Amino acid sequence: MNPTLLILAAGMGSRYGGLKQLDGVGPNGETIMDYSVYDAAKAGFDKVVFVVRNHFKDEFKQKVASKYSNFIKVEFVEQELDKLPEGYELNPERVKPWGTGHAMLMAADVIDAPFAVINADDYYGQESFKVLGDYLKQITQNNGKYCMVGFYLDKTLSESGGVSRGVCTVDAENYLTTVEEHHHIESKDGHITGEAMNGEVKTLEGNAYVSMNMWGFTPDVFESSKKLFTQFLDNNKDNITKEFYIPYIVNSGIESKESSVKVLSTPDKWFGVTYKEDRPIVVNKLKELTESGVYPSPLFK
């Protein structure tokens, strides 16, 4: 069974200053997610599902669906604040999205095969999709044997400011043991530092694995995630900023021994448009990849 690609595209990119998912940064106006779709299809994925917001869904469909229509099957699902489990009501004071775990849950009704999850505004590289696709194609439909493409921390930094990353620890067989979100990660004077969830500023190793939100799951993850999300809502009734992240789902499965996560190594260097200042860097890198023959121009013909 060929895997499905789930692209999280509901974020508005406040630091970037606009809807960066639709920003044309390739030589012919291609978006970063265009390259992800191209690389995924090349690696054997046969369907892509986009998680979007209702207010830009039509624009997204117009600019995206027509482009991929002869290349890969496309579906859309919506992530909105009021999409909550039965019996739960939205606190009217909440304006912050529920997070990546909630976004993944929005696709539960349209995914019935092993699937990958990625961000719309991150470039992951062809080798990353190949190792992920190869893994997903050889696992059964529901077995709790998940995976994650692990990038080296020093290949994921932004030249324009601090970033957030899930810093991972693995065992001797490269299975994930923990992933902890760190914020304000940046390199200064040859040292990489980041702020842990408890507020402590730590020195981080450049060769540490980090999660760039490139996961591989089987469909059984939706049922366990639904249970965890209801627990999250119960425990955070009065917290209008707390988010339900995919790493929380992953850590819970590892701790309960209900699932395992194989960390797949990639030599690829991540890049993306976290900040508006990142844009010219991305434009130049995609131009170089096109001129060197890694990608055709235009990408979709």
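Does PRO219 meet the test of being assigned to a loop (DSSP other than H, G, I, E, B), of a type outside the set (D, E, K, R) and closer than 20 Å to LEU5 by Cα?
Working: assigned to a loop (DSSP other than H, G, I, E, B): yes; of a type outside the set (D, E, K, R): yes; closer than 20 Å to LEU5 by Cα: yes.
Answer is yes for this residue.
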Requested in this report: Identify the residue in the stretch 230-240 that is in a loop (DSSP other than H, G, I, E, B) and polar (S, T, N, Q) and, among all such residues, is nearest to THR4 (Cα to Cα).
Outcome: ASN236
Requested in this report: Kindly provide the set of residues from the stretch 151-174 that are surrounded by fewer than 16 Cβ atoms within 10 Å (Cβ to Cβ) and either modelled with pLDDT of 90 or more or among the acidic types (Asp, Glu) (or both), ordered by number.
Outcome: ASP154, GLU159, THR169, ASP171, ALA172, GLU173, ASN174
Query - Total residues in the stretch 79-111, condition assigned to a helix (DSSP H, G or I) and among the aliphatic types (A, V, I, L, M) - result: 3
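Does GLY194 satisfy the criteria of being assigned to a loop (DSSP other than H, G, I, E, B) and over 22 Å from SER260 (Cα atoms)? Reasoning before the result, please.
Working: assigned to a loop (DSSP other than H, G, I, E, B): no; over 22 Å from SER260 (Cα atoms): yes.
The answer is no for GLY194.
Being in contact with a Phe, Trp or Tyr (Cβ under 9 Å, 6 or more places away or on another chain) and buried (at least 16 other Cβ atoms within 10 Å of the Cβ) is the filter here; which residues of the stretch 84-102 pass it? First the steps, then the outcome.
First pass over the stretch 84-102, keeping only residues in contact with a Phe, Trp or Tyr (Cβ under 9 Å, 6 or more places away or on another chain): 84-85, 98-102.
Scanning the stretch 84-102 gives TRP98, GLY99, THR100, GLY101, HIS102.
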Query raised in the report: Across the stretch 249-277, which residue is nearest to SER160 (Cα to Cα) among those that are part of a helix (DSSP H, G or I) and in contact with a Phe, Trp or Tyr (Cβ under 9 Å, 6 or more places away or on another chain)?
Result: LYS276
Report task. Test each condition in (1) out of contact with any helix residue (DSSP H, G or I) (no Cβ under 9 Å at 6 or more places or on another chain); (2) crowded, with 18+ Cβ neighbours inside 10 Å; (3) at pLDDT 90 or above; (4) part of a helix (DSSP H, G or I) for LYS227 and report the one that comes out false. Result -> (2)
Query raised in the report: Within the stretch 64-74, is there a residue that is within 17 Å of the chain's Cα centre (by Cα) and in a strand (DSSP E or B)?
Result: no
Query raised in the report: Does PRO280 satisfy being assigned to a helix (DSSP H, G or I) and either of a type in the set (D, E, K, R) or buried (at least 20 other Cβ atoms within 10 Å of the Cβ) (or both)?
Result: no
Query raised in the report: Could you count how many residues in the stretch 184-199 are at pLDDT 90 or above and on the phi < 0 side of the Ramachandran plot?
Result: 8
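The values are calculated or read from the model by the stated rules, or taken from the named source; none is laboratory data. Please read these numbers as outputs of a predicted model, since none were measured by experiment. Please note: Cβ atoms are built from the backbone with ideal geometry, for glycine as well, and neighbour counts cover all protein chains shown.
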